[in-house]
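Just so it is clear, none of the values below were taken in a lab; they were calculated from the coordinates. Note that the structure is predicted; figures quoted are calculated from it, not measured. Every residue, glycine among them, receives a Cβ derived from its backbone with ideal geometry; neighbour counts consider all protein chains shown.
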């Protein structure tokens, strides 16, 4: 069977009413990928990237190609092109400063399900969080580069088929260890990179892996990647379950029932993406259903919404945008997963 590095499974830990999960990678066949990713969804992905691609100058596909190319280079016992990665990250930083196009791509609920897509999404969202935390430009580059390469340890994994339950094998628990070792071997001048990648799955309260580090024993860059990795996995489909809403996870984090992430990181994450993050589908008190296209950092309850369906569930031919921060009569009653949307026809 011809297998490629494409799909994920998950390591899950229950915290209160929500499940906080870190994506863990499997390798599956192209046939399985096609069965999981319907043709109409693949076409939707292509159209979205083409629509937004003009605003991002091809950064998103270039970054995906960099991730795939870096994995191939390590498989061939070659070093990843670090300078190329740094230049891509700088382009991502500049793009985020100019528009929300990349943030919208990274949070698109219907996008392609692949290792490269996951890694690029984590990079984009981590950079936004690093900016909220007031990171200097050179430190933002470090965060972005570590995010692009944080799954490099997959080259050491065998090629089993996916498990529908999302069970975790002992080998997968060691993926970050493999990644850190490979980056230390091939990029010895970037010791911070190996250290960060090796700690992505550590947690503030010591519940993470592989070493059970906690608090100040974890690099802050790894904490950033850790919470973003969880969020990215949570809002996108996985082979064994459908995506959940970002609101569900963020609400759980802000209730304080989990100590997996520090208060500082959670507060900064909320400031970056609000309680209703980009591309969240929400129902208004009018019964209309819309999609979050912009967040209001000062009021996480009141983002900018693009109305897609009227109060009777009929698709709107000409969607309109409304800023809830400017309209006190409108408010969100609930968030809904994309797979529960009414038919578009």
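Tabulated results
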| item | result |
| --- | --- |
| Long-range Cα-Cα pairs in the stretch 281-340 (distance over 15 Å), rounded percent | 43 percent |
| Length added when fully stretched, residue 298-residue 185, from 0.36 nm per residue minus Cα-Cα | 36.3 nm |
| Counting all C-alpha pairs of the stretch 234-345, share separated by more than 17 Å (%) | 56 percent |
| Neighbour-count ranking [beta-carbon atoms within 10 angstrom, fewest first] of 89, 120 | 89, 120 |
| Pair residue 267, residue 192: separation of 7 Å Cα→Cβ label points (nm) | 2.4 nm |
| Extension gain, residue 87 back to residue 207 (0.36 nm per residue minus Cα-Cα distance, nm) | 39.7 nm |
| Estimated distance in nm for a label pair at residue 79 and residue 97, the labels positioned 7 Å out from Cα along Cα-to-Cβ | 2.8 nm |
